[in-house]
Amino acid sequence: MLARANRIVRADDYRNTVRRGRKSATAHCVVYVRSGRPAPQGPAVSAPGDIAQEPRFGFIVSKAVGNAVTRNTVRRRLKAVSHELLRTGVAAEFLPERTDVVIRALPGSIGVPWSTLLEEIDGVVRSIMPANSRGVVDKGVK
């Protein structure tokens with residue numbers, strides 16, 4: 001299960017990531033990555049290593065993928081892939097702090113093994129943001 005702090009929940013955050021983030025397509029999904037999310041405002045200022053600075057993931061699964069049951073299955077599988085990236089440290093190593101990642105599932109993603117989805121998304125995360133870019137703010141150039 002993906003923690004709430006690691007999920008994109010606001011429509012504006014989805015929109016900004018898709019419109020201004022870097023885009024990379026695989027055979028079964030399209031991944032958008034946008035770093036440099038604004039720091040949270042208010043009395044609770046985040047400290048280094050705070051969960052508010054960890055990468056967040058969002059998912060777009062349209063009706064073209066299938067009916068509601070199929071779409072929810074695909075979404076749960078993508079959430080599991082994202083959780084695995086966070087658990088193994090790939091997200092922390094290759095994504096700068098305050099980075100948003102939106103994964104758009106393509107229609108053929110339902111019949112794909114979980115390991116293939118993991119390899120595809122892992123490869124995109126590793127290639128779209130090299131490990132030495134950690135901490136560098138992306139200006140949103142496509």
Within the range 75-100, considering residues that are outside any loop (DSSP other than H, G, I, E, B) and more than 17 Å from I8 (Cβ to Cβ), the one modelled with the lowest pLDDT | A92
Identify the residue in the range 28-42 that is modelled with pLDDT of 95 or more and over 11 Å from the mean Cα position of the chain (by Cα) and, among all such residues, is surrounded by the most Cβ atoms within 10 Å (Cβ to Cβ).
-> C29
Across the range 79-95, what is the total count of residues that are more than 17 Å from A5 (Cα to Cα) and buried (at least 20 other Cβ atoms within 10 Å of the Cβ)?
-> 1
State all residues of the range 51-67 that are surrounded by 15 or more Cβ atoms within 10 Å (Cβ to Cβ) and modelled with pLDDT under 80; if no residue qualifies, say none.
-> A52
When you look at P48, is it surrounded by fewer than 17 Cβ atoms within 10 Å (Cβ to Cβ), modelled with pLDDT under 90 and over 25 Å from G89 (Cβ atoms), yes or no?
-> no
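To keep it simple, each residue is scored yes or no on (1) in contact with a Phe, Trp or Tyr (Cβ under 7 Å, 6 or more places away or on another chain); (2) among the hydroxyl-bearing types (S, T, Y); (3) touching a residue at least 24 places away in the same chain (Cβ under 8 Å).
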{"residue": "F59", "(1), (2), (3)": "no, no, yes"}
{"residue": "N67", "(1), (2), (3)": "no, no, no"}
{"residue": "L78", "(1), (2), (3)": "yes, no, yes"}
{"residue": "L85", "(1), (2), (3)": "no, no, yes"}
{"residue": "G108", "(1), (2), (3)": "no, no, yes"}
{"residue": "W114", "(1), (2), (3)": "no, no, yes"}
{"residue": "L117", "(1), (2), (3)": "no, no, yes"}
{"residue": "D122", "(1), (2), (3)": "no, no, yes"}
Could you pull out the residue among R71, R98, R76 that is farther than 16 Å from A5 by Cα, among the basic types (K, R) and touching a Lys or Arg at 6+ places or on another chain (Cβ under 8 Å)?
-> R71
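The values are calculated or read from the model by the stated rules, or taken from the named source; none is laboratory data. Bear in mind that the values here come from a model prediction, so they are computed numbers and not experimental data. When we count neighbours, we look across all protein chains shown, and the Cβ atoms used for this are built from the backbone with ideal geometry, even at glycine.
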